[in-house]
Amino acid sequence: MNSKQLCDLAIEALEDIKGIDIKVLDVVNKSSVTDIMIFASGKTSRQVKALANSVSDKAKKAGYPALGIEGDETSEWVLVDLGDVVVHIMQPAIREFYNLEKLWGEDSPSAT
């Protein structure tokens, strides 16, 4: 499965649980850690955790188990590491505070 297919799988998993404001950033020229970052919000900690579980479960069923899941204790911000695709799922206030889309978006400096 390539990065695009893994990205599509993650987006589908987020949409299944009604993820809010899903954004995809290609960071292949900005990061040596991953190729694609996906950002999504959940209204509550319960929804954030459910979104992360949905992504993890769907990837595992496709033969690509998550390399790691961080933040699911409090579920304000959960990161699901699928290797070439990293999924950030946050409650809206946390997402607005950290504003990772701006950090990694078009206006950010390229990795050297």
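The table for this structure:
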quantity: Count of region 65-91 residues which are more than 20 Å from Glu101 (Cβ to Cβ) and modelled with pLDDT of 95 or more; calculated: 5
quantity: Restricting region 33-60 to residues that are over 14 Å from Glu15 (Cβ atoms) and of a type in the set (Lys, Arg), the residue that is surrounded by the most Cβ atoms within 10 Å (Cβ to Cβ); calculated: Lys49
quantity: Candidate set: region 102-112, residues that are surrounded by fewer than 14 Cβ atoms within 10 Å (Cβ to Cβ) and assigned to a loop (DSSP other than H, G, I, E, B); chosen: the one modelled with the highest pLDDT; calculated: Glu106
quantity: Test: residue in region 42-51 that is closer than 11 Å to Val87 by Cβ, touching a residue at least 24 places away in the same chain (Cβ under 8 Å) and of a type outside the set (A, V, I, L, M); calculated: no
quantity: Any pair with Cβ under 9 angstrom, 6 or more apart, that starts in region 71-93 at a residue that is touching a residue at least 12 places away in the same chain (Cβ under 8 Å) and within 14 Å of Ile20 (Cα to Cα) and ends at one that is of a type in the set (Phe, Trp, Tyr) and surrounded by 17 or more Cβ atoms within 10 Å (Cβ to Cβ); calculated: Val87/Phe39; His88/Phe39; His88/Trp77; Ile89/Phe39; Ile89/Trp77; Met90/Phe39; Met90/Trp77; Gln91/Trp77
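The values are calculated or read from the model by the stated rules, or taken from the named source; none is laboratory data. Everything quoted here is computed from the prediction, not taken from an experiment. Counting neighbours? That spans all protein chains shown, and the Cβs are built from the backbone with ideal geometry, glycine included.
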